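Chemist: Encoded as structure tokens, here's the structure I'll be asking about.
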Amino acid sequence: MEKDPIIIAIDGYSSCGKSTLAKALAKRLGYVYMDTGAMYRAVSLYIIRHNIPINHLKPKEIKEVLNQIDIQFSWNEKEEKSETYLNGENVENEIRGKEVSEKVSEVAQIKTIRERMVELQRKAGLHKGLVMDGRDIGTKVFPNAELKIFMTADHDIRAKRRYDELIAKGLDVTFEEVKENIKLRDYNDTNRKENPLTQAKDAVVLDNSYLNQEEQLDFVLKLIAER
Ligand code: DC
């Protein structure tokens, strides 16, 4: 597959396996992978830690908070995964926990925060050869992306996958909590005013309820080959 590098935008509901697919694609194609959810999560963690009343701040004050936040991704060779750094600290596990998960969709509704994140995300796409996953990648960040995938899956199946993942990481959660959190985030993400989660008109739907990781990867590689 020696074609010109492209931008692949993957959007969809919470816990659909967007990042798993995005990482596998990036690995196969030699592309850069960027997890935009981790960026909103890192901002949320900063807000939680500093007790910032973000909903009561003016845009100018929010910008000042954002100026204090540096988010980087670094490749962990040993574990073969990308990890999120907030102001130089590895926060990869903490941003996946309950506290951040319960705060993040509220934070992601704030216009000034979204504008800054979109600006950073677009910079990463300047040289193409990028797989980015999130909620507004095909609609807002890269409306001209060469390939857009919209992922969905059955709610119970998603909850089970996320629950298993969190338990494996040693986090203390119940299945019902995880399921409720996914439902709430989907609701907030699709109903917010700023760049809500919607399917781009030119996106290809991928329902992975009953597909394994290899089948999903094949599905997308076929789409790329056909283009
Ligand atoms: O992909 P994730 O579950 O880690 O994302 C965490 C939250 O961030 C999710 O509830 C919605 C928000 N988000 C967003 O609003 N826009 C994005 N591009 C990515 C994530």
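Chemist: How much space per residue, in cubic angstrom, does the convex hull of the C-alpha atoms of region 70-127 take up? Don't skip to the end; give the middle numbers.
Modeler: Details: hull volume 6.0 nm³, N = 58.
Taking the convex hull of the Cα positions in region 70-127, it is 103 Å³ per residue.
Chemist: Right, another one. At a Cα cut-off below 18 Å, give the lysines reachable from K63, other chains included and same-chain residues fewer than 8 away excluded.
Modeler: Output for K63: K111.
Chemist: Placing +1 at every Lys and Arg Cβ and -1 at every Asp and Glu Cβ, with all other atoms neutral, what dipole size does the chain have around its Cα centre, in debye to the nearest 20? The partial results should precede the final answer.
Modeler: Working: 37 positive and 39 negative charges, 140 e Å.
Dipole magnitude for the chain comes out near 680 debye.
Chemist: Taking every Cα atom in region 1-59, find the radius of gyration and the maximum pairwise distance Dmax, and write them in Å.
Modeler: In Å, with Rg to one decimal and Dmax whole: 16.3, 50.
Chemist: Residues of region 167-211 with backbone nitrogen within less than 16 Å of a virtual label 7 Å along the Cα-to-Cβ line of N90, please, listed as ranges.
Modeler: The answer is 169-170, whose backbone nitrogens lie closer than 16 Å to the label point.
Chemist: Check T152: other-chain or 5+ apart residues with amide H under 5 Å from its amide H, H built from backbone geometry?
Modeler: L206, D207, N208
Chemist: A further question on this structure: Could you list which residues have their amide H under 5 Å from that of E146, counting only those 5 or more apart in sequence or on another chain, with H placed in the peptide plane?
Modeler: Answer set, sorted by chain and number: I7.
Chemist: Something else about it: If you take the beta carbon distance between T198 and H155 as r and set R0 to 30 Å, what does 1/(1 + (r/R0)^6) give as a FRET efficiency, to the nearest 0.05?
Modeler: 0.95
Chemist: Now for a separate question. Per the helix-only calculation at 222 nm, which mean residue ellipticity applies to the chain, given -39500 (n - 2.57) for every DSSP H run of n ≥ 4 and division by its residues, nearest 500 deg cm²/dmol? Walk me through the numbers before you get to the answer.
Modeler: Working: 8 runs with 104 residues, N = 227.
About -14500 deg cm²/dmol.
Chemist: Rounded to whole Å and ordered largest first, report the semi-axes of the equivalent ellipsoid of the chain derived from its Cα gyration tensor (root of 5λ).
Modeler: Details: eigenvalues 137, 87, 62 Å².
Calculated on Cα positions only, the semi-axes equal 26, 21, 18 Å.
Chemist: Quick one: give the max-minus-min coordinate of the C-alpha atoms of region 1-124 along each principal axis, largest first, in Å.
Modeler: The Cα atoms of region 1-124 stretch 50, 29, 27 Å along their principal axes.
Chemist: Sticking with this structure for a sec: Take every DSSP beta bridge whose two residues both sit in the chain, then give the antiparallel share in percent to the nearest 5. Before the final figure, lay out the partial values.
Modeler: Values: 8 of 26 bridges.
Percentage antiparallel, nearest 5: 30.
Chemist: Taking the alpha carbon gyration tensor of region 116-227, what are the square roots of 5 times its eigenvalues, largest first, to the nearest whole Å?
Modeler: Numbers: eigenvalues 137, 74, 40 Å².
Sorted largest first and rounded, they come to 26, 19, 14 Å.
Chemist: Taking amide H atoms as placed 1.01 Å from N in the peptide plane, list the residues 5 or more away in sequence, or in a different chain, whose amide H sits under 5 Å from that of V32.
Modeler: L130, V131
A short reminder: the numbers here are calculations on the coordinates, not readings from a lab. Predicted model only: the values in this text are computed from it and were never measured. Neighbour counts run over all protein chains shown; Cβ positions are idealised from the backbone, glycine included.
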